[in-house]
Amino acid sequence: MSLQPFSDQNSQLPIEHGSLLQFSEDPIACMKRLRQRFGDLAVLREQQQNLTFVFSPELNRQVLSDSTLFQSQFFAVRGNRRSAQRRVTSGLLSQNGSEHRDSRRALKDVFSLRALPGYHRVICDLSTRLTAAWETQSQVDLNSEMVQFMLQMTSAILFGDDDAEFAEHLGELIDKWTHHNHRVGMGALVSAPRFAREYEHLLEQAEHLDESIRDLFHRHRGRPGTNTNVLSLLLNASGDQQSLSDDALIGHATLLFAAAHLTTAHTFSWTLFLLAQHPEIMSAVKDELQRSVAGDVPSLEELNQVPVLDAVIRESMRVLPASSYSQRVTSAAAQLGCLHLPPGSPVIFSQYITHHRSDLFPDPDRFHPDRWRSISPSPYAYLPFGAGPRMCIGAPLAMTEIRTALIIMLKKFSFAIEENATVNGRVISTMLGPTSSIPAKLLPPDEVADTVPVQGSIHSLLSLPAAAYPKSTTARRAA
Ligand code: HEM
């Protein structure tokens, strides 16, 4: 089939002319507008550059299930073939076809359900340490606490906790490189004037990162293997997994850290914020934990006995998905709805927009965990971890971290958001997270605070309940 690039001679096509910068500056506002104007399929065009957007489960399915036609090209700036930048951008999200399949196979066991008991101990230890450092009645910033907590957790689970300082230092290097890489990538997209200078700096950062990861391998090789971190399992693996060279492992280590750290931290921050602002739901979770989790720390079996908490996590990841959108590029001519896409066309799908469709999720902007008693959306309608052959490889690990650590936090504390706090959230890179502090007071575990008014851009992302007035002076006790 020979397809022609779409042209705007046909005024019926869903094409908006405008700056692509609108999308990079505020992806959610831009996608909401396009969906409102055109429906399930839309194009943003600037001169010869087109960004195509799909917003429906059926179009998500077409794009996500065909990984041959719709390929991943996550990193815009790859560096030359032998550069450190090329190595650190060579993880799963840059791979396609058989290379991607082989890597998924090589990494499969370290992310399987069988590997979880080893990681569970680390998750319990770090969560207990976090809550031991918190004091009742003191104030914390949930956003920075969760980012720091997940820096420690991700470093420990990926790189080991016996040299925590080095693992965290490496995590920080990866975070810095990821941030800079995103800025330079956007510069490449829109030809920002600073691009050339920033590019040089990016290459230097990649070299430093590459050296530090090699140093980590060296440290690990001198030690007996453990089953509590991913790197040790990979370095001591047999069979398929042994086929990973050091160069390949550098790409995987970088991507795994970058994919795991902030996505999970943001999910924690949003879930704690939403629970604190919905007292009835917080009370129901507390009741459940009292009934179903015997000690301060849940066993792996107990993680499967908390349906109320599960619905809360599911709903939090629906209404504020940490991964808000992602992109594919067509490898050949493709037909999507009424559009003929030439090879090399970028196509964007969005968790945030799909999850806020009122035909799939009635009253979609409200946090309403009870809805999960009666709905069971398709994998392309509810996709916080993506869907299809590139679905998040770390999803079981992430869910174990989130369930375990939330239980440990909620067994020890409740949270009261500071009245009139400014809570901002927006997308940076592809991730939707808080961009302000989330100030909260730590309460004893059996107290549940009232909803308070908050300011900030959070209101453009979802509808919060009205604050309870007159505000009661004492927080309510959980039943
Ligand atoms: C709440 C936490 C997390 C969320 C919301 C999340 C979300 C996602 C999503 C949406 C994708 C698919 C991206 C796409 O289709 O373009 C993805 C892929 C991926 N995630 Fe996660 N993730 C989380 C945690 C983790 C963790 C803990 C790890 C590993 C330690 C991880 C590693 C990866 C990797 C390697 C990929 C690429 C898979 C591939 O291309 O085959 N993620 N994640």
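Where a number appears in this text, it was derived from the coordinates with a stated rule and is not lab data. All values derive from a computational prediction rather than experimental measurement. Here the Cβ is made from the backbone with ideal geometry for all residues, glycine too, and neighbour counts use every protein chain on show.
Express as a percent, rounded to the nearest 5, the fraction of DSSP beta bridges in the chain (both residues included) that run antiparallel. Around 80 percent antiparallel, to the nearest 5. Taking the charge dipole of the stretch 51-93 about its Cα centre, with +1 at Lys and Arg Cβ atoms and -1 at Asp and Glu Cβ atoms, the residue from Leu69, Leu59, Ala84 reaching farthest to the positive side is Ala84. Computed over the Cα atoms of the stretch 201-335, the ratio of the radius of gyration to the Kirkwood radius (Rg/Rh) comes to 1.09. In this structure, the amide hydrogen of Arg426, modeled 1.01 Å from its nitrogen in the peptide plane, lies closer than 5 angstrom to those of Gly433, Thr435, counting only residues at least 5 positions away or on a different chain.
How high is the relative contact order of the chain, given as a whole-number percent (alpha carbon pairs under 8 Å, six or more residues apart)?
It comes to 22 percent, rounded to a whole number.
The GluC sites (Glu not before Pro) of the stretch 125-230 meeting both criteria, a DSSP state outside H, G, I, E and B (loop) and at most 10 other C-beta atoms within 10 angstrom of the site's C-beta, are Glu135. Charged neighbours of Asp125, selected by a Cβ distance under 14 Å, balance to -2 (K, R count +1; D, E count -1). Shape class for the stretch 51-90: prolate, because the ratio a/c of the largest to smallest gyration tensor axis (alpha-carbon atoms, square roots of eigenvalues) is 1.5 or more and a/b beats b/c. Whole-Hz Karplus values for the stretch 251-257 come out as x, 5, 4, 5, 5, 4, 5 Hz, taken residue by residue from phi with 6.51 cos²θ - 1.76 cosθ + 1.60 and θ = phi - 60°; glycine and proline positions read x. Here is the list for the stretch 260-336: GluC sites (Glu not before Pro) lying in DSSP coil, each with at most 12 other C-beta atoms within 10 angstrom of its C-beta, are Glu301. Expressed as a whole percent, the proportion of Cα-Cα pairs in the stretch 310-432 lying more than 18 Å apart is 64%.
Taking every lysine pair in the chain that is 8 or more places apart or spans two chains, those with Cα atoms closer than 21 Å amount to 6. Less than 5 angstrom separates the built amide H of Ala332 from those of Gly344, all sequence-distant by 5 or more or on a different chain.
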